[in-house]
1. Search the range 209-221 for residues that are within 20 Å of residue 166 (Cα to Cα) and pair each with any residue that is among the charged types (D, E, K, R) and in a loop (DSSP other than H, G, I, E, B) when their beta-carbon atoms are under 7 Å apart and the residues are at least 6 apart or on different chains.
2. Any residue at all in the range 142-150 that's closer than 24 Å to residue 57 by Cα and touching a Gly at 6+ places or on another chain (Cβ under 6 Å)?
3. Report yes if residue 52 is part of a loop (DSSP other than H, G, I, E, B), surrounded by fewer than 20 Cβ atoms within 10 Å (Cβ to Cβ) and in contact with a Lys or Arg (Cβ under 6 Å, 6 or more places away or on another chain), otherwise no.
4. Which residues, counting only those in the range 125-143, are surrounded by fewer than 22 Cβ atoms within 10 Å (Cβ to Cβ), of a type outside the set (D, E, K, R) and under 17 Å from the mean Cα position of the chain (by Cα)?
5. For the condition of a type in the set (S, T, N, Q), buried (at least 20 other Cβ atoms within 10 Å of the Cβ) and modelled with pLDDT under 90, what is the one hit in 35, 31?
6. Do you know which residues across the range 35-90 are without any contact (Cβ under 8 Å) to a residue 60 or more places away in the chain, out of contact with any strand residue (DSSP E or B) (no Cβ under 7 Å at 6 or more places or on another chain) and aliphatic (A, V, I, L, M)?
7. Mind counting the residues in the range 181-208 that are in contact (Cβ under 8 Å) with a residue 24 or more places away in the chain and among the acidic types (Asp, Glu)?
8. Might you let me know whether the range 120-130 holds any residue that is in contact (Cβ under 8 Å) with a residue 24 or more places away in the chain, within 26 Å of residue 35 (Cβ to Cβ) and part of a loop (DSSP other than H, G, I, E, B)?
Amino acid sequence: MNFLFDKSNVEKSLAEFFSAQKANILSFGSTVNQTFEAYVFAQCIKSCQKRGWIVSIKNPSSGKFKDKFRLKFSTRGAPSNFSYAIAEKNYYKIQIHHGLRVETAYNHMSSNGRANICLDVAIITETDVSYQSSDDAIPNSALLSFGEAKHMSAYAELVAGFLGLVHEMLPDALTPYFGEKEGVEKPFLYVSGHLYGTAYGIAETITARGFFVNIYSFDNKM
């Protein structure tokens, strides 16, 4: 997918965008996959801005990466050690995180294990993450929306698997015409390439069924 996703040009545009947000940039990742995740994170911020949210960047306040813009390209690490966005509108605040661990909607049914998933992008209510460790998960009740970023073209199983993830995290979004939560982006899958024929077919049925999710691609950008 490198021919569709230009890592060098995207990094330049990301640097310009986050500099405008007064972010002290450290890196947008070392691989194309990571740069695509950074791109999707930025697109979520732009989506909020277009919806009237005022966005600022919160960088780590202590440690080795103090005041540095740092995204979370691993399932490991405390949220406070990474940057995230704060969006405010009408005195209400939400947060946009990268690589955030969040409880599934069914975590309460587990007695021994911990049912949580590290989401590529998570949009949550205002939450104090300073006490969260690498293994701690944000309560599912705080989750407003989320997105998954895949540097690839989409096949049918990938789209179907994403619907399974929505069922685990925000099952109400699979209720026809559920409606927006706080005016944020719908739960989404974003692939850097195209939708193969069968994936496109499933995407069409998603629309027909009225599910509150989006599928983005090279041909259908956020």
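The values are calculated or read from the model by the stated rules, or taken from the named source; none is laboratory data. Only a predicted model underlies this, so the values are computations on that prediction, with no experimental measurement involved. Counting neighbours? That spans all protein chains shown, and the Cβs are built from the backbone with ideal geometry, glycine included.
1. As it stands, the answer is 212/186; 213/186; 214/186, since those pairs meet every condition given.
2. no
3. For residue 52, the condition - part of a loop (DSSP other than H, G, I, E, B), surrounded by fewer than 20 Cβ atoms within 10 Å (Cβ to Cβ) and in contact with a Lys or Arg (Cβ under 6 Å, 6 or more places away or on another chain) - is met.
4. Correct list: 125, 127, 129, 137, 139, 140, 141, 142.
5. Among 35, 31, only 35 is of a type in the set (S, T, N, Q), buried (at least 20 other Cβ atoms within 10 Å of the Cβ) and modelled with pLDDT under 90.
6. Correct list: 42, 78.
7. Residues in the range 181-208 being in contact (Cβ under 8 Å) with a residue 24 or more places away in the chain and among the acidic types (Asp, Glu): 2 in total.
8. yes
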